[in-house]
Structures are given as structure tokens and as C-alpha cells.
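Asks: What follows is a single structure, and I will ask about it in a moment.
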Amino acid sequence: MGLQDDRMSGNIQDIARLITRLLLQGDMPQYTLPAAEADYTEADQLFSKIMGLADEGDINGAENELLMNMEDDDPEYLELALTFYLYLNDMDGDYLDDHDYSREEILDGLKSLAEDWGVTGLETLV
């Protein structure tokens with residue numbers, strides 16, 4: 001990972017941490033699935049699906065699925081989305097490139113998510 005990629009990755013983590021502190025009163029988002037699939041909520045099913053798509057390399061499809069199925073004003077979905085973007089951020093830059101995705105798109109996704117929740121001005125931080 002190059003210096004610019006490291007810096008962008010750090011910025012993404014900082015933005016996710018800020019959004020989490022402002023809106024979820026936590027430190028970092030950590031959406032987790034129940035142990036039994038039978039206990040999955042609709043949000044859990046969405047999370048499982050988008051993570052699977054991302055792992056298969058369909059990152060754009062995963063993000064589209066997330067955006068189409070987000071429940072506005074539901075903190076569970078906010079944490080789900082933040083966890084998803086941080087998961088993408090942890091991926092190798094070459095993997096992202098190979099699947100037509102970038103750290104800039106992760107950052108844009110976080111900014112858009114924040115704006116949807118009323119947090120503005122994040123563009124001045126990056």
C-alpha cells in the first residue's frame with residue numbers, strides 16, 4: 001500500500017469513527033450477525049448478502065444492493081453501512097482496483113451516508 005493509499009485509508013477510518021461518535025454514540029461501528037441464520041433480521045440478511053458480494057468481487061453490486069435496501073433513520077442500517085465501508089477499506093488496494101472500485105469511492109460512500117443522516121461539512125476534513 002502506497003503512502004497516498006495509507007493516508008486515504010486513515011481518512012476513511014477517521015470519518016467512520018466521527019460518524020459513529022456523532023450518530024451512534026460509539027467508537028467504531030461493528031455490525032455483527034447472530035450465530036444462527038434463522039435469527040437473521042432483514043438488516044442481517046442484507047449485511048450477509050452485501051458482504052458476500054464484496055468477497056466475490058462484485059463490490060459495486062454490493063454497494064448498489066446496500067443503497068437500494070437502506071432503511072432511512074434506522075441506526076442499525078447506519079451501523080451496517082459503516083461496517084461495510086470499513087470492510088472495503090480493509091481490502092487490498094489491488095483487489096479494489098481489480099474489481100473496479102477505489103478508496104475514493106469508499107470515502108464518497110461515507111460522505112453520502114453522513115449527509116443522508118444530517119452530517120455535513122466532511123469534505124473539509126479530507
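Asks: Summarise the accessible area of the chain (1.4 Å probe, protein heavy atoms) by the percent that is carbon and sulfur. Write out the running numbers ahead of the final one.
Replies: Values: 3010 of 6960 Å².
Ligands and nucleic acids excluded, carbon and sulfur reach 43 percent.
Asks: How high is the relative contact order of the range 1-114? Use alpha-carbon pairs under 8 Å, at least six apart in sequence, and give a whole percent.
Replies: Details: 96 pairs, mean separation 37.7, N = 114.
This gives 33 percent for the range 1-114.
Asks: Continuing with this model, one more query. Once phi is turned into ³J(HN,Hα) by the Karplus curve 6.51 cos²θ - 1.76 cosθ + 1.60 with θ = phi - 60°, what whole-Hz value does each residue of the range 83-98 show in order, with x for glycine and proline?
Replies: 4, 4, 5, 5, 4, 4, 4, 6, 6, 5, x, 5, 4, 4, 4, 4
Asks: Mind checking the per residue accessible area of the chain for me, 1.4 Å probe, whole number of Å²?
Replies: Values: 6960 Å² over 126 residues.
For the chain, the solvent-accessible area averages 55 Å² per residue.
Asks: 222 nm [θ] for the chain, helices only, -39500 (n - 2.57) per DSSP H run of 4+, per residue, to 500? Before the final figure, lay out each step's value.
Replies: Numbers: 6 runs with 81 residues, N = 126.
That comes out to -20500 deg cm²/dmol.
Asks: With each label point set 7 Å from Cα along the Cα-Cβ vector, what nm distance links R17 and N60?
Replies: 3.2 nm
Asks: Ordered by residue, what ³J(HN,Hα) values in Hz, to whole numbers, does the range 34-45 give under the Karplus form 6.51 cos²θ - 1.76 cosθ + 1.60, where θ = phi - 60° and Gly and Pro are x?
Replies: Listing the rounded values in order: x, 5, 9, 4, 5, 8, 5, 8, 4, 5, 4, 5 Hz.
Asks: Please report, in whole Å, how far the alpha carbons of the chain spread along each principal axis, starting with the longest.
Replies: The principal-axis extents, from largest down, are 44, 33, 23 Å.
Asks: Still on this structure, I have one more. What are the chymotrypsin sites (Phe, Trp or Tyr not before Pro) within the range 26-93 that DSSP puts in a loop, where the Cβ has at most 16 other Cβ atoms within 10 Å? Kindly include the intermediate steps, with their values, before the conclusion.
Replies: Working: sites: Y31, Y40, F47, Y77, F84, Y85, Y87; in loops: Y31, Y40.
Answer in residue order: Y40.
Asks: Report the label-to-label distance for E115 and L24 in nanometres (one decimal), using points 7 Å from each Cα along the Cα→Cβ vector.
Replies: 2.2 nm
Asks: Could you identify which residue out of A43, A16, A35 has the top mean-square fluctuation in a GNM of the chain using Cα springs shorter than 10 Å?
Replies: Of the options given, A35 has the highest mean-square fluctuation.
The values are calculated or read from the model by the stated rules, or taken from the named source; none is laboratory data. This one's a predicted model, so the numbers in the text were calculated from it and none came from an experiment. Ideal geometry is used to build each Cβ from the backbone, glycine not excepted, and the neighbour counts take in all protein chains shown. Accessible surface is based on the protein model in full, side chains and every heavy atom, while ligands, DNA and RNA are left aside. Shrake-Rupley method; radii C 1.70, N 1.55, O 1.52, S 1.80 Å.
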